[in-house]
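Any read-out appearing in this document is the output of simple, stated calculations on the displayed coordinates, not a laboratory observation. What you see is a predicted model, and the numbers here were worked out from it, not measured in a lab. Positions of Cβ are backbone-derived with ideal geometry, glycine not excepted, and every protein chain shown enters the neighbour counts.
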């Protein structure tokens, strides 16, 4: 006679317990709680681990059933949609080989090895096939290949004509020979994946394929170029439509498009991924730098100017030569090449050639270490706008957002451990002042803590994390913990900003570092007369100025506030009879420090007004016979609002707006 196994107790998030038969799935548990929960469930957390609803319950555990509203739900949906897309592609395009298909911040992508690039017409066919697979409501199941069975599975993939799956699997086994491999199946299609996934394809209804791009296998330019398809999916049709509307608005605001239209910057094959700022763009760039410099004086920073090129010794000391070598630009002379040992040119140049610096921190350590310093000199806040160079692969550079030559509002604070919380608090005040002036009102703060691979004792990490947390709490800031996201040498605080269309950008950061002071043997004499090691805080508010330029240009859709606008106003005479008077107005406004242009081209008035609006010029000042007689200007804002003011009233208003750095209304998504 069979003996029934005893039921097991499952603890739910509210602390209550529910007994279920051993071997029941999480889906069974959800159904036992309520029919509506079972219908809404997409995945679960089993003792904190994200798992499928089909996961069996074999012991007492804590279970949280996740519905479509859970933060993790979209990730599960998009993993499942990526598999649905790959399944459809391989049905429609025999010979297409799948590689990887991860979830992104707003969707997913899959890379395929196929004989040609996919087209918009292909997208229509793929989406139609995806809808068929969704309508078939195929069951999605997880197979776990036990330890020791991975090698045979890799050979099976190879025989099926899936070399990339085989390579991925063998890489996993090389690092962890006894790893348990998970494979997800839907119908007759399958792929490697850690999961979790939705229980069936019928739950995937609202999706859209977006773009295609080339991508090298493993991100290595020496490997084969693959075809990448990007897509997105949502649980509701309304959410999908809202996202597609945001994408349309983002395309209108694309900084690469605006940069060309507004003549702000350009790129050339003569210097790949290194921007040229044109006169208008250079004006905005320099105004941002001047703004930060103005605040440096108030917050007691000292600016330095440091070399661009260094002997490799400094980067050996800092550790960057060993860990960052592939991203560093080397310099060598013809003479060095000529004197290198035959057959050893590469090794000798790598060992001795000068390096364009990719960051400022080692050079600031050199300055600190040039003489004996006292605790009375600390904190020492040193700023630097030096140009930096980092080699980025061609596949990852993106307009101004990811470049090879850039500058930062970079500064380092050398201080005692006891001074860290106070310095964090001062930095936060500085940072929020900048963001407020620039019109960023929503800031998300995150504290990234110790990673698994790190240097330094747990005691030192406890001290560093506590100091950063204390600084945040003293400033009254709520923050989120990012476990394990700190650098190997110290924790950091990240500041994420929301732009006008709801996107989040990580810009500001302050990072605790006890590693570089150790490597450069930096010391100060304490109040006790003994030698002590300073703490080094790396900090930036805008970060890369090039990247910030891209973010801000898209945030304001090219409509810079008056104090940043390259052209603040344009004077437009109605007829040539008013040209001389308009020239006098322009001269008077320029004398007041305003950037004003005269547009007396032989074009219609409406054309010139429209042109000024397209160029996002804040003010158009129209002058006709009546305005000349009355000494007034017909002031038209780029938003369309109009009024008539005297010349002096216009000057006073614009000067005040510039001096107060007043914000215009940021264009919203339509």
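Calculated FRET efficiency, residue 221 and residue 444, Cβ-Cβ r, R0 51 Å, to nearest 0.05?
Numbers: r = 35 Å, r/R0 = 0.68.
Computed FRET efficiency for residue 221 and residue 444 comes out at 0.90.
Could you give the length gained on full extension between residue 22 and residue 152, defined as 0.36 nm per residue of separation minus the Cα-Cα distance, in nm?
Going from the current span to full extension adds 43.6 nm.
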ask   = Suppose R0 equals 41 Å; then what is the FRET efficiency for residue 159 and residue 311 from their Cβ-Cβ distance, rounded to the nearest 0.05?
value = 0.15
request  = Treating the angle as unsigned and between 0 and 90°, give the value, to the nearest 10°, between the Cα long axis of helix 545-555 and the longest Cα principal axis of the chain.
outcome  = 90
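Please work out whether the stretch 366-444 counts as rounded, prolate or oblate from its C-alpha gyration tensor, where a ≥ b ≥ c are the square roots of the eigenvalues and a/c under 1.5 means rounded, while otherwise a/b larger than b/c means prolate and anything else oblate? All intermediate terms of the calculation are to be shown ahead of the outcome.
Numbers: a/c = 2.99, a/b = 1.36, b/c = 2.20.
Taking the square roots of the gyration eigenvalues as a ≥ b ≥ c, the stretch 366-444 is oblate.
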message = Starting from 0.36 nm per residue, how many nanometres of slack lie between residue 237 and residue 393 once their C-alpha separation is accounted for?
response = 52.4 nm
key: Rounded tilt (10° steps) of 579-591 against the dominant C-alpha axis of the chain   = 70
Cα centroid separation - the stretch 145-179 against the stretch 287-301, whole Å = 56
request  = Just grab the label-to-label distance for residue 50 and residue 167, each label 7 Å out from Cα along the Cβ direction, in nm (one decimal).
outcome  = 2.6
ask   = Of all DSSP beta bridges in the chain, what percent run antiparallel (nearest 5)?
value = 85
ask   = So for the pair residue 457, residue 35, with labels modelled 7 Å out along Cα→Cβ, what separation do we get in nm?
value = 6.3
query = What is the stretch 587-645 by shape, rounded, prolate or oblate, if you read a ≥ b ≥ c off the alpha carbon gyration tensor as root eigenvalues and call it rounded for a/c under 1.5, prolate for a/b larger than b/c, and oblate otherwise?
reply = rounded
query = So how far apart, in nm, are the two label points at residue 9 and residue 597 if each is 7 Å from Cα heading toward Cβ?
reply = 7.6
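For an R0 of 35 angstrom, estimate the FRET efficiency from the Cβ-Cβ distance between residue 473 and residue 303 and round to the nearest 0.05.
On the way: r = 31 Å, r/R0 = 0.87.
In this case the efficiency is close to 0.70.
Which of 453, 252 has the fewest other C-beta atoms within 10 Å, and how do the rest follow up to the most?
Numbers: 453 7, 252 16.
Lowest count first: 453, 252.
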query = Where in the stretch 414-445 is the amide nitrogen less than 20 Å from a point lying 7 Å along the Cα-to-Cβ axis of residue 290?
reply = 434-439
note = Computed over the chain: longest principal axis from alpha-carbon atoms vs helix 605-614 long axis, angle to nearest 10 degrees, is 50
task = Would you please state which residues of the stretch 536-560 a label at residue 366 would reach in this model, taking the label point 7 Å out along Cα→Cβ and a backbone N cut-off of under 12 Å?
result = none
remark   = If the chain between residue 333 and residue 141 were fully extended at 0.36 nm per residue, the gain over the current Cα-Cα distance would be 63.0 nm
query = Which shape class, rounded, prolate or oblate, goes with the stretch 74-235 when its Cα gyration tensor gives a ≥ b ≥ c as root eigenvalues, a/c under 1.5 marks rounded, and past that a/b bigger than b/c marks prolate?
reply = oblate
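Under the rule of -39500 (n - 2.57) per DSSP H run of 4 or more residues, summed and divided by the residues of the chain, what mean residue ellipticity at 222 nm is obtained, to the nearest 500 deg cm²/dmol?
-11000 deg cm²/dmol
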note = For 538-546, 603-611, ranked highest to lowest by mean beta-carbon neighbours within 10 Å, the order is 538-546, 603-611
